[in-house]
């Protein structure tokens, strides 16, 4: 099929969005390609379509596990064979998934960059018939970017395995320095960038300066009809703000990464289907959500960077209709942002303390643990070793940079199982163990394909069908695992720590101080850009476009600054026209105040009287108490 036939067949679209077709053609010609498309611009189609045209498998690297799962489910729903390998999966599960990519007709393999560090994964990838390497959120590879992820630097190692396979790098936000850095780090054979303008003509960018942010928030929600997102910094703030909105009669809900996966999914669906009008969320919300009719996005707190702000604000107005991106700001925000900057950069000793504490937390012996992935309860870990949560998270990032550990976001993985025996062996087991016969028959009737693959399982559904408690079902699955009939993996929803190398003695842990200073300088630059955006009295759209290297953009005419300028111009224009009318009428004859006001047809009555008084005070016109004259 041609690329347009594939688009029609799988996506039901008759034509591509702007730039999609040009990017796809570049990839099909074998060119390394960097594609910059705004939030909601359809980046995934740019690698999914060419991968379906060509024989073989497309490797997709993304740091966002939730987004990977979402894309895999969407592809599978279209009848396209796609799988993902994420943190929390067992070694046997990973092993089976990689085998399927080599020997079966899998078209898309989604990986986190951390997974590429595993020798098993890289070794098995070399046996795959790869047709394209897609790097999503490609700005993460650049040390000049706002969200640098050190494991991204190893993506270029795939070049040694597949020297002639093109790389497609995709991102929504990248400055000129970051664009150059992406191509350099991914070893592009030649400079090749496809970039849409960052201008969003239908979005009115607004900065509201006010001490009472809650009142301003309520004013915006009252004044703008339709669905919206309110971004806040903390989970508590998400809950509290949603409560305030509900108390004022607006249907609102809160969302953050600490909620159970099923509850997050339900909240998201309610909002997408307009059951909930407003979702109040931390920055965990939004990736992969394509809701076109969002009429406003409000930031109650300052973002860490303009890249993050542009991406989050860009979730408004994807249908092309009028929408608002509102940033609420007061003097206290600047103090908070500077304080956050200070705690984001722990000392070398603090980083080493976190590393040492991890070894103690997991009771790892020195020189052991290489390749080990473990759940991390961040709250419990910090409490036990009396560590600051923010500094701990940032310490983990620096430990990741020096390749001691990697730290991945929390991800919900449902319970999974797979039979370890073949059909005949299972049948014999049921005959020899009749007490297990009904239990196994229910599993077989409920879930197909478990002899070949790991299958997601819902213990609650099995319990209902077997008339047992959920705990009895879990115990039964555990016992069958102990008898080596099946392999059962309970659900998990926690962040993961992976020890990239064996645990080192604290004296042998080397932290790159120069790199810390570099990240500090980048962070400071980003912070100053955010503060300039919030405080300057320039066209908001022009400031954003200049930041993304579009320096000669025209004024948008719809942001708060432009509207104030328009109002001032309008007032000046009316003043001049009323003055001209007064002079014209009084040059013909002297008139009473009532007659003069009535003779002028421009502006309001109040504006006419105010200007007559100004002209009188300036001595431009005079009165004898009865009539006015020049």
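The values are calculated or read from the model by the stated rules, or taken from the named source; none is laboratory data. Every value quoted in this text rests on a predicted model; they were computed, and no experiment measured them. Ideal geometry is used to build each Cβ from the backbone, glycine not excepted, and the neighbour counts take in all protein chains shown.
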Task: Within region 283-321, tally of residues that are free of Cβ contacts under 8 Å to residues at least 60 places away in the same chain and buried (at least 19 other Cβ atoms within 10 Å of the Cβ) - done: 2
TODO: Give the number of residues within region 77-101 that are out of contact with any helix residue (DSSP H, G or I) (no Cβ under 6 Å at 6 or more places or on another chain) and part of a loop (DSSP other than H, G, I, E, B).
DONE: 7
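Buried (at least 22 other Cβ atoms within 10 Å of the Cβ) and over 23 Å from residue 50 (Cα atoms) - does that describe any residue in region 108-116?
yes
Run down 440, 351 and say which single residue is more than 19 Å from residue 477 (Cβ to Cβ) and either surrounded by fewer than 19 Cβ atoms within 10 Å (Cβ to Cβ) or not assigned by TED's automatic domain parsing to the domain that holds residue 266 (or both).
Criteria check complete, one pass: 351.
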Open item on the list: Can you confirm whether residue 67 is in a helix (DSSP H, G or I), closer than 27 Å to residue 200 by Cβ, over 22 Å from the mean Cα position of the chain (by Cα) and touching a residue at least 24 places away in the same chain (Cβ under 8 Å)?
Closed with: no
- [ ] Could you please find all residues in region 165-190 being surrounded by fewer than 22 Cβ atoms within 10 Å (Cβ to Cβ), outside any helix (DSSP H, G or I) and out of contact with any helix residue (DSSP H, G or I) (no Cβ under 6 Å at 6 or more places or on another chain)?
- [x] 165, 175, 188, 189, 190
Open item on the list: On the basis of being more than 30 Å from residue 310 (Cα to Cα) and either out of contact with any strand residue (DSSP E or B) (no Cβ under 6 Å at 6 or more places or on another chain) or at pLDDT below 90 (or both), does residue 123 make the cut?
Closed with: yes
- [ ] Considering only region 484-505, state which residues are over 33 Å from the mean Cα position of the chain (by Cα) and over 26 Å from residue 119 (Cβ atoms).
- [x] 484, 485, 486
- [ ] Only residues that are surrounded by fewer than 18 Cβ atoms within 10 Å (Cβ to Cβ), in a loop (DSSP other than H, G, I, E, B) and touching a strand residue (DSSP E or B) at 6+ places or on another chain (Cβ under 9 Å): list them for region 227-274, please.
- [x] 250, 251, 274
TODO: Among the residues of region 399-458, write down those that are outside any strand (DSSP E or B) and closer than 30 Å to residue 519 by Cα.
DONE: 399, 400, 401, 402, 403, 404, 409, 410, 411
Open item on the list: Every residue in region 500-559 that is in a loop (DSSP other than H, G, I, E, B) and more than 20 Å from residue 203 (Cα to Cα), please.
Closed with: 500, 501, 502, 503, 504, 505, 509, 510, 511, 512
Task: residue 78 vs. criteria more than 18 Å from residue 185 (Cα to Cα), at pLDDT 90 or above and buried (at least 18 other Cβ atoms within 10 Å of the Cβ) - done: no
Open item on the list: Which numbered condition in (1) modelled with pLDDT under 85; (2) over 30 Å from residue 539 (Cα atoms) is the only one that residue 574 fails?
Closed with: (2)
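Restricting to region 8-43, and then to whatever is in a helix (DSSP H, G or I) and surrounded by fewer than 20 Cβ atoms within 10 Å (Cβ to Cβ), can you tell me which residue is nearest to the chain's Cα centre (by Cα)?
Top of the filtered list is 11.
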Open item on the list: Given the condition within 30 Å of residue 202 (Cβ to Cβ) and surrounded by 12 or more Cβ atoms within 10 Å (Cβ to Cβ), answer yes or no: does some residue in region 599-606 qualify?
Closed with: no
- [ ] Report the residue count in region 569-613 for those that are part of a helix (DSSP H, G or I) and touching a residue at least 24 places away in the same chain (Cβ under 8 Å).
- [x] 15
Task: Matching entry among 201, 189, 184 (being at pLDDT 95 or above and out of contact with any strand residue (DSSP E or B) (no Cβ under 8 Å at 6 or more places or on another chain)) - done: 184
TODO: Name every residue in region 303-321 that is under 16 Å from the mean Cα position of the chain (by Cα) and part of a loop (DSSP other than H, G, I, E, B), in order of residue number.
DONE: 303, 304, 305, 314, 315, 316, 318
Task: So residue 70, is it out of contact with any strand residue (DSSP E or B) (no Cβ under 7 Å at 6 or more places or on another chain), under 19 Å from residue 10 (Cα atoms) and assigned by TED's automatic domain parsing to the domain that holds residue 22 - done: yes
- [ ] Output yes when any residue across region 455-466 is surrounded by fewer than 19 Cβ atoms within 10 Å (Cβ to Cβ), under 30 Å from residue 173 (Cα atoms) and touching a residue at least 24 places away in the same chain (Cβ under 8 Å), and no when none is.
- [x] no
Open item on the list: Name the single residue that is nearest to residue 226 (Cα to Cα) among those in region 322-348 being in contact with a strand residue (DSSP E or B) (Cβ under 8 Å, 6 or more places away or on another chain) and in a loop (DSSP other than H, G, I, E, B).
Closed with: 322
Task: For residue 617: the one exception among (1) surrounded by 11 or more Cβ atoms within 10 Å (Cβ to Cβ); (2) more than 58 Å from the chain's Cα centre (by Cα) - done: (1)
TODO: Name every residue in region 12-38 that is touching a residue at least 60 places away in the same chain (Cβ under 8 Å) and either within 22 Å of residue 319 (Cα to Cα) or touching a helix residue (DSSP H, G or I) at 6+ places or on another chain (Cβ under 7 Å) (or both), in order of residue number.
DONE: 18, 19, 23, 27, 33, 34, 35, 36, 37, 38
TODO: Inspect all residues belonging to region 140-149 and state whether any of them is part of a helix (DSSP H, G or I) and buried (at least 23 other Cβ atoms within 10 Å of the Cβ).
DONE: yes
- [ ] Determine whether residue 386 is surrounded by 15 or more Cβ atoms within 10 Å (Cβ to Cβ) and under 28 Å from residue 259 (Cβ atoms).
- [x] no
Open item on the list: Looking for something over 28 Å from the mean Cα position of the chain (by Cα), exposed (fewer than 12 other Cβ atoms within 10 Å of the Cβ) and modelled with pLDDT under 95 - is there at least one such residue anywhere in region 515-536?
Closed with: no
Open item on the list: Quick check on my filter: what residues within region 392-437 are surrounded by fewer than 16 Cβ atoms within 10 Å (Cβ to Cβ) and without any contact (Cβ under 8 Å) to a residue 12 or more places away in the chain?
Closed with: 424, 425, 427, 428, 431, 432, 433, 434, 435, 437
